[in-house]
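Have a look at the structure below before the remarks.
The values are calculated or read from the model by the stated rules, or taken from the named source; none is laboratory data. Remember, predicted model here, so these are calculated numbers, not experimental data. Note: ideal-geometry Cβ built from the backbone for every residue, glycine included; neighbour counts use all protein chains shown.
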């Protein structure tokens with residue numbers, strides 16, 4: 001599944017990207033920066049989001065914990081929005097492990113059990 005991480009300023013976004021690249025989560029999650037289109041008069045675009053490809057809820061939980069840890073190292077933790085399709089959640093200063101579990105369930109809900117036609 002594709003997860004998009006959005007941060008309000010480009011410097012923080014780059015720092016988050018580098019943090020994730022240096023974290024052990026990189027073994028199970030592929031991350032990349034997605035550039036924006038250049039504005040008129042600009043030579044190139046800025047970076048807008050970190051894209052993360054995760055294969056399951058466990059990898060998603062690891063990604064979210066890495067983001068929470070990164071935020072904890074910032075003097076003023078930036079707001080991070082996590083987007084999967086139309087679903088958006090935001091990490092704040094009070095995000096607990098229980099909050100992370102709920103976010104994982106929101107972004108990667110369990111599959112509905114097969115209905116027995118009997």
Inset, instruction - Among the residues of region 74-90, count how many are in contact (Cβ under 8 Å) with a residue 12 or more places away in the chain, surrounded by fewer than 21 Cβ atoms within 10 Å (Cβ to Cβ) and either in contact with a strand residue (DSSP E or B) (Cβ under 9 Å, 6 or more places away or on another chain) or closer than 17 Å to residue 12 by Cα (or both). - result: 8
Inset, instruction - Pull up region 21-57, narrow it to residues that are surrounded by 12 or more Cβ atoms within 10 Å (Cβ to Cβ) and part of a helix (DSSP H, G or I), then point me to the one that is modelled with the highest pLDDT. - result: 21
